[in-house]
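Here the structure comes first, spelled out in structure tokens, and everything after it is commentary.
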Amino acid sequence: MQKELEEYRWWQKGIIYQVYPRSFKDASGDGTGDLQGIMQKLDYLAWLGVDAVWVSPIYPSPMDDFGYDITDYTGIEPLFGSMQDFDELLHLIHQKGMKLILDLVPNHTSYLHPWFKESRSSRDNPRRDWYIWRDPAPDGGPPNNWQSVFGGSGWEWDEETGQYYYHAFLKEQPDLNWRNPDVKKAMFDVMRFWLEKGVDGFRVDVIWHLMKDHLFRDNPPNPDYIEGEPDIKRYLNAYSEDQPGVHDIIAGMRKVMDPYGERLLIGEIYLPIGRLVTYYGKEGAGVHLPFNFQLIQVAWDAESIYALVNEYEGSLLPGNWPNWVLGNHDKDRVLSRIGEQQARLAAVLLLTLRGTPTMYYGDEIGMHDVHIPPERIQDPKELTMPGYSRDPQRTPMQWSNAAYAGFSETEPWLPLADDYQARNVETEKEAAGSMLSLYKRLIEVRKQEPALQVGDFIPLGLQGQLMVFKRIHNGAGVLVAINFGKEKAVYQSETKLQGEILISVSGKPEGRLVADSISIEGEDAVVVRLD
Ligand code: NOJ
């Protein structure tokens, strides 16, 4: 007997929705989204049926990395609103039965944070050791070969004090020294500040970066590096990330959170599955959800997807709760990666696989990457790594076919997609075959079928490009068949298939199924509640 649905945590049953605040809804009329804007759209999120809203950073920031460079961890960036707005947002989200997850960025601050200003002011400043300062190598160059994710060396020379500081991202984002107990304490206090307010969890930015090798050893060269790839790939990052000590830090975070009840700790982690799952930690001392980005990275064909799902499922230990992500503010949009029809199949996967789904704003209406003309480029990554801008996937949410897509009353900070008049919430709500209708229906069905929310995952096989699996909870079963290929495919079952077709992506009439086989058209999928 499996546990009853009620015995699962909200975040096991729920669906997370990521809001990129600059681009969700602009209420103030300055072209950039804000907290009041999010409040205006909560009814939409409740209608869609998501359970938790994760908001990317809203703290005071010079916006060198659009909020992932913070100058005050317990404040609100005026561009987004005030602390009063925040309190109201939290209250409204709760009132509508949803949860709020904040972004926590503990790996680095802005170079303008008072902590860093103090730290760089002199070698003997009490906050010197809050950041990672090292003497130059004997040749005067950087202390070691660690690279920045945003290109070039990870070390920046400070003329004034004659040392280098480490920054895994922009030089405007110096890394904190998590070996210093005062840093730990300060960040844990930040967490408590928001927990006391009532936030329901954190998505922790680059959590696997928090701890670095204490000997600062050089990373070994990457034998597979291809010239022209980002600098960060030149070496295997054996010493600059994913160090054993990181798990103690995470255990500390859990200690801070657990007394507050059912709060959720998510870790942003880009590592292979084998390493990823170590972040669940021992006996509940890890993150609840190490973000699983495998569907973003996998080669998009049935064989690879089927192998991936099985490998991931097989890597989880009892008590490890799975999760799936299709996109975020750092990655090309799913629709641009795999095309519209496949993006529909991806939606089916996301919402029928076992584990908490995280959706990225706009994917549910089929937003695609938007071409950004050179004069409108915003992302600093484009400056340090030309061609790697993340602006295309951060464009304003398309609410209606009104001016500026109903996002703002003025020209938005990033250009709108040119097809927003057809692809927007208002229009798609009314259209039976739209991406939004599919998402809405998938969410509805997931909510009404405990097997989809918490049921076991049972792979039934791969026949050509047709992937078939079952979800089972206390005897109730749902069958999912997804045909990634362009040709019609048939799934031959060993037992009689009997049930009700709840969803058909192509929109074929739903209804009863009684057969020994199911035939699925190319790039179509069905979800069937078995009798
Ligand atoms: C990961 C965030 O998602 C990304 O947007 C940011 O640039 C880096 N971390 C640095 O904070």
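Just a few scattered comments:
- Residue within the stretch 251-270 that is more than 16 Å from the ligand (Cβ to nearest atom), in contact with an Asp or Glu (Cβ under 7 Å, 6 or more places away or on another chain), open to solvent by 50 Å² or more (accessible area, probe 1.4 Å) and farther than 23 Å from V325 by Cα present: no
- Among the criteria (1) closer than 23 Å to T109 by Cβ; (2) in contact with a Ser or Thr (Cβ under 9 Å, 6 or more places away or on another chain), the one N219 does not fulfil is (1).
- Pick from the stretch 48-62, criterion of a type outside the set (S, T, N, Q), assigned to a loop (DSSP other than H, G, I, E, B) and within 20 Å of the chain's Cα centre (by Cα), ranking: farthest from the ligand (Cβ to nearest atom): G49
- For the stretch 126-151, a tally of residues being touching a helix residue (DSSP H, G or I) at 6+ places or on another chain (Cβ under 6 Å), open to solvent by less than 30 Å² (accessible area, probe 1.4 Å) and either farther than 20 Å from H214 by Cβ or within 14 Å of the ligand (Cβ to nearest atom) (or both) returns 2.
- Hits in the stretch 64-85 - residues which are part of a loop (DSSP other than H, G, I, E, B), free of Cβ contacts under 8 Å to residues at least 60 places away in the same chain and open to solvent by 30 Å² or more (accessible area, probe 1.4 Å): T71, D72, P78, L79, S82
- Among the numbered conditions (1) open to solvent by less than 40 Å² (accessible area, probe 1.4 Å); (2) closer than 20 Å to D205 by Cα; (3) of a type in the set (F, W, Y), the only one that Y239 does not meet is (1).
- The strands (runs of 3 or more DSSP E) found entirely in the stretch 411-530 that carry 2 or more residues being modelled with pLDDT of 95 or more and under 26 Å from G362 (Cβ atoms) are 476-483, 489-504, 525-530.
- Residue match in the stretch 475-485 (condition: out of contact with any Lys or Arg (no Cβ under 6 Å at 6 or more places or on another chain), open to solvent by 20 Å² or more (accessible area, probe 1.4 Å) and either within 30 Å of E7 (Cβ to Cβ) or among the small types (G, A, S) (or both)): yes
- Counting the residues of the stretch 68-79 that are away from the ligand (no atom under 16 Å from the Cβ), of a type in the set (A, V, I, L, M, F, W, C) and more than 18 Å from E196 (Cβ to Cβ) gives 1.
- Any chance P396 is at pLDDT below 95 and away from the ligand (no atom under 16 Å from the Cβ): no
- Qualifying residue in the stretch 245-259 (condition: touching a strand residue (DSSP E or B) at 6+ places or on another chain (Cβ under 9 Å), without any contact (Cβ under 8 Å) to a residue 40 or more places away in the chain and of a type outside the set (A, V, I, L, M)): yes
- Under the condition of being open to solvent by 10 Å² or more (accessible area, probe 1.4 Å) and either out of contact with any strand residue (DSSP E or B) (no Cβ under 9 Å at 6 or more places or on another chain) or assigned to a loop (DSSP other than H, G, I, E, B) (or both), the residues counted in the stretch 309-328 number 9.
- If only residues of the stretch 369-409 that are surrounded by fewer than 18 Cβ atoms within 10 Å (Cβ to Cβ) and in contact with a Phe, Trp or Tyr (Cβ under 8 Å, 6 or more places away or on another chain) are counted, the one that is farthest from G33 (Cα to Cα) is E382.
- Inspection of the stretch 111-124 finds no residue satisfying the criterion of being in contact with a Leu (Cβ under 6 Å, 6 or more places away or on another chain), within 14 Å of the ligand (Cβ to nearest atom) and not β-branched (V, I, T).
- Of all the criteria given as (1) surrounded by fewer than 23 Cβ atoms within 10 Å (Cβ to Cβ); (2) outside the structural domain of L89 (by TED's automatic domain parsing); (3) within 16 Å of the ligand (Cβ to nearest atom), the one not satisfied by L176 is (1).
- Only one entry in K212, K185 is loosely packed, with under 15 Cβ neighbours inside 10 Å and under 25 Å from R123 (Cβ atoms), namely K185.
The values are calculated or read from the model by the stated rules, or taken from the named source; none is laboratory data. Because the structure is predicted, anything quoted here is derived from the model rather than measured. Cβ atoms come from the backbone with ideal geometry, glycine included; neighbour counts cover every protein chain shown. Keep in mind that these areas ignore ligands, DNA and RNA; they rest on the heavy atoms of the full protein, side chains included. Shrake-Rupley method; radii C 1.70, N 1.55, O 1.52, S 1.80 Å.
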